[in-house]
Amino acid sequence: MRIGFFDGDMAGAKSAGDFVANAIAAEEAGLDSYWSLRTSQATTP
Amino acid sequence: MTMALAAALRPEQIEVGTNVTPIHPRHPAALAQQARSVASLTAGRFTLGVGASHRVLVEHAWGLSYDAPKSYMKEYLDALVPLLAGEHAQVAGERIRANTHLAVPDAVTPGLVVAALGPKMIDLAARSTDGITTWLVGPASIADVVAPIANTAADDAQRAAPRIVAGIPLCVTSNAAAAHQLATSLFGYYDQLPAYRDALARDHLTSAADASLIGTADDLTDRIHAYRNAGATDFAAFPFGTTGEQHNSLALLSQLSKEL
């Protein structure tokens, strides 16, 4: 089973830099995938 | 998808995907054009996740029709799938029309998965794409509903075994009560959406907080293994909680990625 990081702003606004930082952290942790969800509900910083 | 591209350019190896891009605000040709461009810039590491979203967003936030979301998705995929592959799309549906192809130099066909919670959307996704992505669906539903329907549909369509992505909030913590309370606050929105209420009910749950994985690393390891045993091909966790708890959750995912 592949292990991934599911990132998103559905639980609160995140900046573009937050997403990129999490993608880098996911790769450094050796995960297989990084999934992003940019919702319409959250305010985009 | 812009965010997915930005996230993909710094890491060099990890697969990056959208989970998910709502289909209603975008014509399939526009979405395919963007996805093929991202795929070409990420050397095949990109997977496009699409979904029909929810009536409250499509109608109330965007002012579009949410009528018959499954048939709309079918027409949408009839156009999107060939366009992603660099082929001509010829669709004259009730709501989607397309007569075009895309020329994107050096393009790589991206992976494609569809957000699906109910049986009909699961069947459609497995017949037409690389697989299904879920959110807040537990191992019991994956074993009893998602995997059997998806595998049967893919087999019937003579496609490879479908990808089944299980997306779940994760908090590695020694304070489960506080984390559950936080999950209720963060994810309570999903409890109000009919598609999630139905999916949670199949797992005999009533809230997204109850579907979240909360506990110590030792407790959660077996619960994550249950997703694999149920038929999930991917476990995608949304780390939440304090900074320390999120760090611990990522550490658990790192450990599991080496084991599984």
If each K or R counts +1 and each D or E counts -1, the residues other than B:Arg159 whose Cβ falls under 13 Å of its Cβ total -2
Around B:Leu112, which amide H atoms from residues at least 5 apart in sequence, or from another chain, sit under 5 Å from its own amide H, with H modelled in the peptide plane? B:Leu48, B:Asp130
What is the helix-to-structure angle for B:176-191, meaning the angle in degrees between its Cα long axis and the longest Cα principal axis of chain B, kept from 0 to 90 and rounded to the nearest 10? 30
Compute the distance in nm between two label points, each set 7 Å from the Cα along the Cα-to-Cβ direction, one at B:Gln13 and one at B:Glu94. 4.9
Go ahead and estimate [θ] at 222 nm for chain B from helices alone: -39,500 (n - 2.57) per DSSP H run with n ≥ 4, summed, over the residue count, rounded to 500. -14000 deg cm²/dmol
Say we join alpha carbon atoms closer than 10 Å with springs in a Gaussian network model of chain B; which of B:Gly215, B:Gly244, B:Gly51 then has the biggest fluctuation? B:Gly244
With a cap of 10 neighbouring Cβ atoms within 10 Å, and only residues DSSP puts in a loop, list the chymotrypsin sites (Phe, Trp or Tyr not before Pro) found in the range B:19-77. none
Does anyone have the angle between helix B:28-41 and the longest principal axis of chain B? Alpha-carbon axes, 0 to 90°, nearest 10? 70
Cα shape, chain B, gyration tensor, a/c 1.5 rule: prolate
Over chain B, relative contact order from alpha-carbon pairs under 8 Å, at least 6 apart, %: 15
Bridge type composition, the protein assembly as shown - antiparallel percent by DSSP, nearest 5: 10
Amide H neighbours of B:Ala236 under 5 Å, counting only residues 5+ apart in sequence or on other chains, H built in-plane at 1.01 Å? A:Gly4, B:Ala166, B:Gly167, B:Ile168
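None of the figures in this text is laboratory data; all of them are computed from the coordinates on show. Keep in mind it's a predicted model, so treat the numbers as computed, not measured. Please note: Cβ atoms are built from the backbone with ideal geometry, for glycine as well, and neighbour counts cover all protein chains shown.
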